[in-house]
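Here the structure is laid out as C-alpha cells; the discussion comes afterwards.
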Amino acid sequence: MSKKVLLLGLLCLFCAANVFAGNPVSVKKGSVSVFKTPSRALLEIDYSTAKVGKLTFEEYLKNKGNDYVRDWPRESETAASYFRQQFNKKSKGMKLTTDETDVAYKIVIRVKNLDMGDAGSYFVSMAITGFAGKAGGVIMSGSIEVIDLQTNKVVCTLYADDVQGKGNPKDAIRLGNMYKVLATNICKLK
C-alpha cells in the first residue's frame with residue numbers, strides 16, 4: 001500500500017471522527033438563553049483548582065521555570081483574548097468586554113484538568129502529513145458559570161469535557177486555540 005493511499009485513508013478517518021463528534025460542552029444547570037439575550041459580560045478564567053497531569057497548575061508553572069512563571073499573566077491574557085474574540089464573533093446576544101462599566105454578567109471558566117499539549121506532536125504531524133490539525137493541541141475539562149452581577153447568583157452552569165484546540169508551537173496560542181473551540185461550542189448550545 002502506498003504512503004499516499006495510507007495518508008489519504010487516515011485523513012478521511014480524522015474528518016469522519018470530527019463530523020460525528022458531539023459538542024463537548026453541555027448544560028449542567030440553568031438555561032443557555034442567558035447567552036442569547038443582548039447583554040455585556042466580563043470573562044474570568046480560574047486555574048486555582050486546575051491539574052496538569054498530577055501537578056497543580058502552580059506546580060506546573062514552577063516546573064516550567066522562572067521565565068514561564070513571569071510571563072504567565074501575559075500568556076494567559078493572550079489565550080483569554082482568543083475566547084473573547086471568538087465568543088463575540090459567534091454570539092448573537094451576549095458580548096464579552098474588558099470594560100467593567102455597565103456589565104450584567106460574568107462568565108467564569110473553572111479549569112479542572114488541562115493537558116497543555118506539546119509542540120513536538122505538532123511538528124511530527126506536520127512533517128508526516130503536512131497537516132497538524134489538533135495534534136499537540138491543549139485539552140481542557142472544567143465548568144463554566146454565568147453569574148448575574150446584580151444578584152451575584154449563578155444563572156447557568158455548563159460542563160466542558162475534553163475540549164481540544166489546534167496544535168501550535170507556542171503555549172499561549174495552543175491554549176488560545178482551545179478557548180476558541182470552547183467559545184464556539186458554547187455559542188452552538190440550544
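Points worth noting:
- Total residues in region 44-67, condition of a type outside the set (Gly, Ala, Ser), touching a residue at least 60 places away in the same chain (Cβ under 8 Å) and out of contact with any helix residue (DSSP H, G or I) (no Cβ under 6 Å at 6 or more places or on another chain): 4
- Qualifying residue in region 118-125 (condition: modelled with pLDDT of 95 or more and either of a type in the set (D, E, K, R) or in contact with a Ser or Thr (Cβ under 6 Å, 6 or more places away or on another chain) (or both)): no
- Assessment of region 89-112 against the conditions (within 14 Å of the chain's Cα centre (by Cα), polar (S, T, N, Q), modelled with pLDDT of 95 or more and crowded, with 16+ Cβ neighbours inside 10 Å) yields no matching residue.
- Sole residue being modelled with pLDDT under 95, surrounded by 17 or more Cβ atoms within 10 Å (Cβ to Cβ) and within 19 Å of the chain's Cα centre (by Cα), chosen from GLY142, GLY137: GLY137
- When region 15-54 is filtered for residues that are modelled with pLDDT under 95 and closer than 17 Å to VAL181 by Cα, the ones remaining, listed by number, are CYS15, ALA17, ASN18, VAL19, PHE20, ALA21, GLY22, ASN23.
- Selection count where residues are surrounded by 13 or more Cβ atoms within 10 Å (Cβ to Cβ) and farther than 20 Å from LYS153 by Cβ, scope region 30-57: 8
- GLU59 acidic (Asp, Glu) and under 15 Å from the mean Cα position of the chain (by Cα): no
The values are calculated or read from the model by the stated rules, or taken from the named source; none is laboratory data. Just so it is clear, the model here is predicted, and its values are computed rather than measured. Note that we place each Cβ from the backbone using ideal geometry, even for glycine, and neighbour counts take in every protein chain shown.
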